[in-house]
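Below is one structure, written out as structure tokens; the observations come after it.
The values are calculated or read from the model by the stated rules, or taken from the named source; none is laboratory data. What you see is a predicted model; the values in this text were computed from it and never measured. Cβ: placed from backbone, ideal geometry, glycine included. Neighbour counts: every protein chain shown. Quick note on the areas: whole protein, heavy atoms, side chains included, nothing else; ligands and nucleic acids left out. Shrake-Rupley method; radii C 1.70, N 1.55, O 1.52, S 1.80 Å.
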Amino acid sequence: MPHPSHSLAEALEHTRQTFLAAGHTLPNVRRDFPEWHQGRPRYALWALMVDLPHLRALLARAADVLGPWLLDDYQRQPHITLALAGFPTAQPTQPDDYGPEDLARHRAALAAGAPPPFEIRIGAPSSFSSAPFLSVEDPEGGIARLRQLLDDRPHPDGGPYVPHLTLGLYSGAHPCGLVLQRLLSLPWPAVRLRVDRLDLVDYASNVIGGHLSTKNTFLLG
């Protein structure tokens with residue numbers, strides 16, 4: 001099995017090359033998305049919530065520098081998405097619904113195989129076509145282990161998983177080369193964090209970049 005850092009480095013390089021090849025960023029728009037949510041009000045995912053004052057300040061400074069290129073009123077707290085869950089419902093009827101049995105299955109898997117608390121490191125900036133981010137290093141393999149237990153729903157874009165902290169969402173079609181140059185010119189202090197919990201969070205499915213609400217928590221160790 002490849003070392004987690006090697007796999008992450010390859011995924012980051014793939015993401016960077018894909019971003020540059022796109023030429024321009026993907027615009028985000030504020031609208032309802034009925035073709036996606038089909039009237040279901042909330043969408044859930046498993047995440048590491050890292051809403052700490054010093055990290056929030058760092059992300060805010062980065063967002064200020066990128067401000068002209070970002071969609072305004074991004075409200076999502078600093079977090080690292082681990083796995084998508086789906087639309088919470090008491091009685092699932094569609095493939096992307098997330099019901100009580102799904103939550104029970106995930107909690108049982110975590111209880112049987114979750115790692116003890118582990119360290120992560122906030123790394124260099126990069127970008128997806130729709131959003132700039134800070135990369136997240138996983139030196140102890142904790143994120144990789146949690147994803148093995150949770151990740152049974154493929155990501156919509158089909159690309160490799162890259163743990164990250166989103167800085168915002170692009171507001172228009174901006175030149176990727178210029179955006180990446182600006183990102184890489186910013187100073188990024190080393191940030192190390194100890195992870196001791198993960199959360200099932202959800203957000204309003206008709207609000208882009210909306211606030212995350214915690215619905216369930218699993219403590220490591």
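Report, by chain and number, residues whose modeled amide H sits under 5 Å from the one on S127, excluding near sequence neighbours (fewer than 5 apart, same chain).
F133
Can you tally the net charge around L180? Count Lys and Arg as +1, Asp and Glu as -1, for every other residue whose Cβ sits under 15 Å from the Cβ of L180.
Around L180, the surrounding residues sum to +1.
Based on DSSP H assignment, which helices of the chain show an axial Cα extent of at least 24 Å together with a mean Kyte-Doolittle hydropathy greater than or equal to -0.5?
What comes out of the filter, once short or polar helices are dropped, is 4-22.
May I ask you to work out the translational diffusion coefficient for the chain at 20 °C, viscosity 1.002 mPa s, via Stokes-Einstein with Rh from the Kirkwood sum over Cα pairs, reported in whole µm²/s?
Details: Rh = 18.2 Å.
Diffusion coefficient, whole number: 118 µm²/s.
Based on a Kirkwood Rh over C-alpha pairs, give the Stokes-Einstein translational diffusion coefficient of the range 60-171 at 20 °C and viscosity 1.002 mPa s in µm²/s. Don't skip to the answer; put the middle values down first.
Numbers: Rh = 16.0 Å.
Here the translational diffusion coefficient equals 134 µm²/s.
Over the range 97-221, with the other protein chains present, what is the accessible area per residue in square angstrom, probe 1.4 angstrom?
For the range 97-221, the per-residue accessible area is 45 Å².
Can I get the semi-axes of the range 156-198's equivalent ellipsoid? Compute them from the C-alpha gyration tensor as square roots of 5 times the eigenvalues, in angstrom, largest first.
Listed largest to smallest, the semi-axes of the range 156-198 are 25, 18, 10 Å.
Need one number: % antiparallel among DSSP beta bridges in the chain, to the nearest 5.
Details: 33 of 35 bridges.
Looking only at bridges with both residues in the chain, the antiparallel portion is about 95 percent.
Two-decimal Rg/Rh of the range 1-108 from alpha-carbon positions, Kirkwood Rh?
1.01
How many percent of the accessible area of the chain is carbon or sulfur, using a 1.4 Å probe?
With neighbouring chains kept in place, the figure for the chain is 56 percent.
In 10 Å bins starting at 0, how do the alpha-carbon pair distances of the range 6-47 split up by percent?
So the P(r) values, bin by bin, are 20, 26, 35, 20, 0.
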